[in-house]
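**Student:** I have a structure I would like to understand better, so I am pasting it below and will then ask my questions one at a time.
The values are calculated or read from the model by the stated rules, or taken from the named source; none is laboratory data. These numbers come from a predicted model, not from an experiment. Here the Cβ positions follow ideal geometry from the backbone for every residue, glycine too, while neighbour counts run over all protein chains shown. With ligands, DNA and RNA removed, areas are computed over all heavy atoms of the protein, side chains included. Shrake-Rupley method; radii C 1.70, N 1.55, O 1.52, S 1.80 Å.
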Amino acid sequence: MSNKFTTLVTNEGINLLQASSQQDKKIEFVKAIGSSTAYSTSQLSTVTYADVMARAAKNQEGTVNNIVPDKTTTKMELLFDGHDVKSDYTLNSIFIIAKLKDSSDYKVFAILKANQPQYINAYTGDGSTNLQINIGVKFDNQDNVSLEINSAALATMGDLQNLSKSTSEKLASENTRATESEQALNQLIKAETKRASDAENALRSETTAEANRAKGVEQGLDNKIASETARATKTENDLTSKITSEQNRAMAKESSLDGKIGQVQTNLNAEQGRATGAEQKLDGRVDAEIARATKAEGDIQNQVNAEKSRATAAEGNLNKTITDESNRAKGAESSLSGKVDSETARAMKAENDLAGKITSEQNRAIAKENDLDGKIQSVRGSLDWMEFGGWNMLNGTSDQLRLLSGSTWMRLHTWTNNDNNTSKISLSNLQTGDWITYSVWVANDSDVDVVPEVAVFNKDLTVWQGLRGNVIKAKQSGWAVKSVQIGGNDWYVRPSIITTNGQPGTHTVRMKKEMLTVGNVKLDWGPSANDIESMVSDAKNTLRSETTAESNRAKGVENELRNLANSNRDRLNAKDNQIVIANKDEAIKDLIVVDDKHTRKGIIHSLDGDDYGSAVGIDNGGLTVIGGGEGALAILNNIVNKYAIDGTTHNPQDEVLMLASDGDVKVIANTQSQNPLNYKISKFKYDGSVVFPGRVYSNGNGTSIEQQIVDERNRATNRENSIDSRVTSESNRAKGVESSLQSQINTEKSRAQGAESNLNNQINAEANRAKGVENSISANISEFRNKFIMNSWTNAGITPLNGTKLSTENDADGKPLYGYVLFSIAGQKFATICLKFNNLNNPDKHGKDLVQLPFRVHGYNVATQYDGESVVVYTNKVYADAKYDAHVYGTFMVID
């Protein structure tokens, strides 16, 4: 029968023989190891003890017995007890372990390579496979070593009897040792159980105390938020009440002003009636005079002279009347001007008071914002450097792509940290063993491959090493990620993107969302704490600048209005409704100027009179409306809704002029004539009809008495008409003054309403901003609180597969001992799983899915190796190749 084993003394065995000879020490054969690991013949001499311990399977241990040396050969037997075999295996190799006496340096003396691999059954209580191998080692001057072994290899009946005897003795010794070990182990278990119980009780006490403290802090924070909310609500209600009161006062003042305007309109109507009566009386007198002149033609010359005298006297009396009325109007104008000044001052005071209230409210909102910022900083300080790694340690990064170029190694990055003037990031807030993860999105526009590198430096920056991550191929894009565990001599890091081999030339990449976080998981990008503080500071500065600019603009508008009121002081004649603008120093350009949110407009402006004439215009784009009463306002109200008063759609680029009135609209031409009868008057009546009268008066020269009478009569008529014209002119001028005054009043009223509306909008904006800040803080506090609140431990939704039985044991509190818990850190969901599986009934160790989870995890995770077998968590399944039972435990990232 051919030999079943090939035996070779290893290099370590030969060295051991030489050392034994040189040191005059005996070689002790310690044990034999049966292994399923197979070697080629060429590998046998180089196998070492370190290789066996690190890489070879160690399925069974045996003893080296009955060592019998003689002159040329040393014989020994190797015994393997089948009771020690826990799992079936194929015997491919046997390692003989030896050492020098009084030494602990073990060596592989020799290896037996199985030419016919032996299948060894596991001991199951029914029977065992025992193995005895006899070998003899012949030494020839320690240079040539050959081996002799029993070719049968398997134990004979005599061998089994010897093995049984040896086994019995060994079992007796082992039973005694096992009993003593069991007793000592029981003592240790009792002590450890008591220690664990005490530790558990202490931990529960600490957990309860911490939970109570957290509840107290949470309740205090809720009380503060409720108090701040109530105070803000009260302030808002008080401000609303003040605004309502101010609005009611303004409406009352507007009603009073409308009453005064109505009284002026009544007086004007009475004056118009008086003028019309006088005109009718004059017409009667003229007709009587014409009849009288015709009847007394013989005495016409004397009557003409008398009429001249009478007309001259009447003209003098009328001039005196006009002068008296003018003086009276000036007195009334002075009185009304005082009232206007008083009303202007009161309106300015009210506006200043309201502006002061707004400033006070703005200051309160800013103080509240500062207080809330302080609370945010306090909460943020308590969250800094927590293990979940929610903060970005890199300053100056962005979620927008940045174009960067470099040569050879490049070492490109977007961060701006300069901790301790090192141009690097300090690790002083972290501990040895902590993980950090560097991640950045890279668009590799260059023609070479690039990788993320985390360069780690010692305290003096004299020693460093570069740790690389995944490769981003040339002309490709993707996430570059590298996780590094901090060592005891690591003080600074410099994360960057480098070329793979320092290729020469200039290389270009685009980078965004650069991030360095604590932990070994890549998180979504966010700015660093310093960047957030800078953003908050910039927002505060912007708000203060805008508030200051708005306050300065309001003061500028107020000053312009005050200057306009002082410079354009007018004099009002109560009888003639006349406004006179007196400015002797310079030509008047703008009568009324309005600054709205779009631009500055000279709504009514003029050009001082010269040889070319004078002009008054309305400087505004789009529709221009001139009118009295409510007609103009009705048109403008409609045009805001994009519809003209005639029902057509009005576009802003249309340049249209409209004349509007509640009654008739008259267009008068040829007004250079002093005779209204010579005017070309077109009348647009309120009922829609239009009248164009066309009477024209012309005069001729003659020498006869009759012609003189006609001429004189015409002169008298013209003089009467002149008087009428002056009355009409004064009436029309009074109407113009009234219309202008009404327009100014409407403009001031609109400005006041606009200012009040703007102030209300500012107040509402400030109140909404304050509410927004409070809501944002509440949301942040809720987010901070929710980050550290876990869901309850449960096994709900776990579905056993392939006949697996899931353990349903409970803990001391009656809660499931095995299951899972879901929680969230910085918006990322995680699951901690601890499961036990029984009755797998898988003697052939065929891998299979054990359970289905109610969620999916990231990647393919070797959760644990129970009893030497793998248990894997992937997607929403747990897989194992164990025989009878298995455990799985660990924390995994949840993707849905």
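**Student:** Determine the shape class of segment 20-95: with a ≥ b ≥ c the square roots of the Cα gyration tensor eigenvalues, call it rounded for a/c under 1.5, and otherwise prolate if a/b is greater than b/c, oblate otherwise.
**Tutor:** oblate
**Student:** Considering only Cα-Cα distances, which of the following residue pairs are longer than 29 Å: K26/K86; K31/K86; K4/K25; K424/K473?
**Tutor:** Among K26/K86; K31/K86; K4/K25; K424/K473, the Cα-Cα distance tops 29 Å for K26/K86; K4/K25.
**Student:** How much of the accessible area of segment 2-117, in percent, comes from carbon and sulfur atoms when a 1.4 Å probe is used?
**Tutor:** 46
**Student:** Could you sort the peptides 540-553, 753-766, 722-735 by per-residue average Cβ neighbour count (10 Å cutoff), highest mean leading?
**Tutor:** Ranking the peptides 540-553, 753-766, 722-735 by packing returns 722-735, 753-766, 540-553.
**Student:** Residues with beta-carbon under 12 Å from that of V440, excluding V440: net charge, scoring Lys, Arg +1 and Asp, Glu -1?
**Tutor:** +3
**Student:** If we sort 97-104, 440-447 on the protection proxy, mean other Cβ atoms within 10 Å, highest first, what's the order?
**Tutor:** Top of the packing list down: 440-447, 97-104.
**Student:** Shifting gears a bit: What ranking, highest mean first, results for peptides 109-116, 48-55 when packing means the other Cβ atoms within 10 Å averaged over each residue?
**Tutor:** My ranking of the peptides, most packed first, is 109-116, 48-55.
**Student:** Something else about it: For segment 726-737, take each phi angle, set θ = phi - 60°, evaluate the Karplus expression 6.51 cos²θ - 1.76 cosθ + 1.60, and give the result in whole Hz per residue in order, putting x for glycine and proline.
**Tutor:** 5, 4, 4, 4, 5, 5, 5, 5, 4, 5, x, 4
**Student:** About the Cα centre, and with charges only on the beta carbon of Lys, Arg (+1) and Asp, Glu (-1), how big is the dipole of segment 1-113? Nearest 20 debye, please.
**Tutor:** With only Lys, Arg, Asp and Glu charged at Cβ, the dipole is about 160 debye.
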